[in-house]
Amino acid sequence: MKTGKLIVLTGPSGVGKGTLLRALRRRHPELYLSVSVTTRSPRAGEINGRHYYFIDRHQFEQMVAAGELLEWAEFAGNYYGTLRRQVETHLQEGEWVVLEIELEGARQIRRSFPEALQIFLLPPTMDALETRIRERGKDSEESMALRLQRAKEEIAAAGEFDFQIVNDNLEKALEEIEAAVFAPVSC
């Protein structure tokens, strides 16, 4: 049986992970996007089980204690995590699984899946990142300040990743992600 491939995509909030992943999956529908579990409330238009599995803090903490999460982290006052069984099942079936996760989760994945391909998305500048976060209009000033401070810390860790891709031009960034993901493996 052929083993799948685990692909980790991370970067600061507002860098365009979701936009790039949607574009990547339109071009490559064979890629399986893992659906994360979170304790945050759904945003307008988000569907439980499609965008996230929305659960309460107690349920999340029980999942952590039971070892049901492959990785998890707290971000902006909420927990986020990846369901272990979901990812392992798809990998065993030979599928390529993409995780869109935060820095701490990516570090956890590196420890348990050192062979995972790790891609870090960077903004062209911090000013551009701040503009993107503000234009989303989804966060309070306090939340935006936390996200920007966290972004600086995350960007400092970009060198830990296999690839660093600047999302200044969507098409160019998408092509660079494709080149990283679909690069031939040398023996």
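Sparse packing (at most 10 other Cβ atoms within 10 Å of the Cβ) combined with a DSSP loop state is found for the following trypsin sites (Lys or Arg not before Pro) in segment 1-38: 2. The distance from the alpha carbon centre of segment 85-156 to that of segment 7-29 is 10 Å, rounded to a whole number. An oblate overall shape is assigned to segment 58-123, the ratio a/c of its alpha-carbon gyration tensor axes (a ≥ b ≥ c) being 1.5 or greater and a/b not exceeding b/c.
When the GluC sites (Glu not before Pro) in segment 64-128 are filtered for DSSP coil states and for at most 10 other beta-carbon atoms within 10 Å of their beta-carbon, the remaining sites are 115. Between residue 46 and residue 152, what is the FRET efficiency for a Förster distance of 41 Å, r being their Cβ-Cβ separation, to the nearest 0.05? E(calc), rounded to 0.05, equals 0.90. Karplus-derived 3J(HN,Hα) values for segment 46-55, using 6.51 cos²θ - 1.76 cosθ + 1.60 with θ = phi - 60°, are 7, 10, 4, x, 9, 8, 8, 9, 8, 9 Hz; glycine and proline are entered as x. Annotation note: trypsin sites (Lys or Arg not before Pro) in segment 41-129 located in DSSP loop regions with a Cβ neighbour count of at most 13 within 10 Å are 43, 50.
Under a 5 Å amide H cut-off, with hydrogens placed 1.01 Å from N, residue 79 pairs with 39, 40 among residues at least 5 apart or on other chains. Think of it as helices only: each DSSP H run of n ≥ 4 in the chain is worth -39500 (n - 2.57), and spread over all residues that comes to -12500 deg cm²/dmol at 222 nm.
Given axes a ≥ b ≥ c from the Cα gyration tensor, I'd like to know whether segment 35-185 is rounded (a/c under 1.5), prolate (a/b larger than b/c) or oblate.
Verdict is oblate for segment 35-185.
For a label point 7 Å from the Cα of residue 66 along Cα→C-beta, name the residues of segment 82-121 whose backbone N is under 12 Å from it. Inside the label zone: 84-85.
Per-residue SASA remark: residue 146, around 100 Å² accessible (1.4 Å probe; ligands, DNA and RNA not included).
The values are calculated or read from the model by the stated rules, or taken from the named source; none is laboratory data. The shown structure was predicted, so the numbers you read here are calculated from the model rather than taken from an experiment. Please note: Cβ atoms are built from the backbone with ideal geometry, for glycine as well, and neighbour counts cover all protein chains shown. Accessible surface areas use protein heavy atoms only, side chains included; no ligands, DNA or RNA. Shrake-Rupley method; radii C 1.70, N 1.55, O 1.52, S 1.80 Å.
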